[in-house]
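The values are calculated or read from the model by the stated rules, or taken from the named source; none is laboratory data. What you see is a predicted model; the values in this text were computed from it and never measured. Cβ placement follows ideal geometry from the backbone for every residue including glycine, while neighbour counts extend to all protein chains displayed.
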Amino acid sequence: MEPVNIRALSRSSWSSNQKQLDGIQVTGGYRTCEFGLYADDGSRAKKILMVVGEQPEAVKKCHRPLDWIQACLKSHDVCSRYQTLFASATSFPTQLLDLQPTTPHADVRLVDGSSCSHAPYVALSHCWGAAPVVRTVKANLLAFRTKIDPSSLNKTFNDAMDITRKLGVRYLWIDSLCIVQDDADDWDREAARMAQVYSQAYVTIAATPPADGTHGLIREARDEPLIPLHFQSSDSLNRGVSIGPSLNKFQRIDREPLDSRAWTLQEQVLSPRTLHFAADQVHWECRQSIISESGSSPYGYGQGESAENSIARGWLGKMARDIVPDIKPGNEEVSKSVRGDPKLAIDNSNVSYENWYRMLQNYTERNITKDVDRLPALSGIARAFSSKSPSLYLAGIWLDDIASGLLWYVNVPESARYPDTYRAPSWSWAAIEGSPVTFLSTHFFGRRPGEVDEIEYVDHNIDLDSADPFGRVKAGSLTLRG
């Protein structure tokens, strides 16, 4: 019989140096299993173990999220510098939900953002889904400024309001309620402000697993089978201990419904702090750290990974750093030679564009309800990116890197189509729906020394559909010579 190895899975508490025991790892032969260890509420073992049924109640009280937020605000210079990038006199949301915590029945109403400027607010990132969603429209705008009946709102919205109050914040931003949905001018104006709305939020609440708002954010108590564990201990820590499924084995949250929605990409990139309310536990993510209730990483990284690696998430973290010049001055790792061959050394002057193209490859995999929203749903990232790379933006392509921007192809030709409603010129990736796109430049990790474009830009004309240079377009042409 092959030997079996048992190893304790422990971590340090977020707010103290005390060790927390999460469970055990059992390895035998080529197989490894992890089990969680849990304490009854009255057990002395709860000092070092997670308490059975604790998570839903703890989430409702928001004790751990509050610890995460305070630690970030006090000690994370990177996160503070990020928020100052987009701060301006006009960066506050036009409208907010006032949760009025001092009123007897906690009424909710829509207020002008200028009346509460500089007050902290929480933003919600969620999937609209197929279920009906209460929206602000011209017909109910005045009524909503007096009162919004919470019972008319879905469970996700009500949970978001409850969590916002528990965090000690009075104001909440929800897109369907804070943007007048049937006012085209208001919609275009607010879509152009997404970089400010999410980057200036105190924290973003992400409704990660629900495909719509009917399921809510706060999960019910776990019903996994737990087996009482009997063992000897000299200090009575053996009483009230159970073994069951490990919280370290959860589904990656970047594969949840929220990550399949086009609009949520810029919410993920632009938010300085995010609380992911997943099916199994709450996860924290900011520019400097990432952690879960269980102490593990929600993106598949090991517990020993550095914060910089953990927040990377591949192109997403690089994209976030690229739009914030002072977070990381250079991308030194990109400039290293490939396999030690100096002839293949990479010029990192184009790394920002390469991360833009990698981001677009993920973005085109995401679903969007209205075909015409493909460019507006990216406008916040494009606007933020332009602060570092002040190039003309041509319907999703940057003029300063026009050759690479035009070298794309559809991954699934048989499903690719041009939408019935025009949204971009045919030479732009944004013109195609139904298939992700791939940019050829992403295969080569940037430009090599001496590489030159064999085309010459001559002229262009982009007919915008609004005042937003990063939003919808009505027509576009491009003239090149080569």
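Tabulated results
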{"read-out": "Residue check for GLU365: among the acidic types (Asp, Glu) and surrounded by 13 or more Cβ atoms within 10 Å (Cβ to Cβ)", "value": "yes"}
{"read-out": "Tally of residues being at pLDDT 50 or above, more than 20 Å from TRP187 (Cα to Cα) and among the β-branched types (Val, Ile, Thr) across region 333-384", "value": "1"}
{"read-out": "Any hit, region 267-290, residues being of a type in the set (Lys, Arg), modelled with pLDDT of 85 or more and either more than 18 Å from GLN200 (Cβ to Cβ) or not assigned by TED's automatic domain parsing to the domain that holds ASP67 (or both)", "value": "no"}
{"read-out": "Among (1) at pLDDT below 95; (2) small (Gly, Ala, Ser); (3) within 26 Å of the chain's Cα centre (by Cα), the one test that GLY396 misses", "value": "(1)"}
{"read-out": "Cβ pairs under 7 Å, 6+ apart, first in region 133-160 and in contact (Cβ under 8 Å) with a residue 60 or more places away in the chain, second assigned to a helix (DSSP H, G or I) and crowded, with 16+ Cβ neighbours inside 10 Å", "value": "VAL133/SER176"}
{"read-out": "All strands (runs of 3 or more DSSP E) inside region 371-482 with 2 or more residues being surrounded by 19 or more Cβ atoms within 10 Å (Cβ to Cβ)", "value": "437-439, 473-481"}
{"read-out": "Among the candidates VAL180, VAL133, VAL122, VAL169, residue that is in contact with a Gly (Cβ under 9 Å, 6 or more places away or on another chain) and either exposed (fewer than 14 other Cβ atoms within 10 Å of the Cβ) or assigned by TED's automatic domain parsing to the domain that holds GLN100 (or both)", "value": "VAL133"}
{"read-out": "Every residue from region 266-288 that is more than 25 Å from THR364 (Cβ to Cβ) and β-branched (Val, Ile, Thr)", "value": "VAL282"}
{"read-out": "Region 236-262 - residue that is touching a Cys at 6+ places or on another chain (Cβ under 9 Å) and not in a loop (DSSP other than H, G, I, E, B) and, of those, modelled with the highest pLDDT", "value": "ARG261"}
{"read-out": "Residue within region 127-145 that is aliphatic (A, V, I, L, M) and touching a Lys or Arg at 6+ places or on another chain (Cβ under 8 Å) present", "value": "no"}
{"read-out": "Filtered residues of region 80-105 (kept if hydrophobic (A, V, I, L, M, F, W, C) and at pLDDT below 80)", "value": "LEU85, PHE86, ALA87, ALA89"}
{"read-out": "Pair list, Cβ under 6 Å, 6 or more apart: region 199-219 residue at positive phi, other residue not in a loop (DSSP other than H, G, I, E, B)", "value": "GLY216/LYS155; GLY216/THR156; GLY216/ASP159"}
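Residue-by-condition table, conditions (1) closer than 21 Å to PRO469 by Cβ; (2) small (Gly, Ala, Ser):
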site	(1), (2)
PRO390	yes, no
ASP400	yes, no
ALA416	no, yes
PRO436	no, no
ASP453	no, no
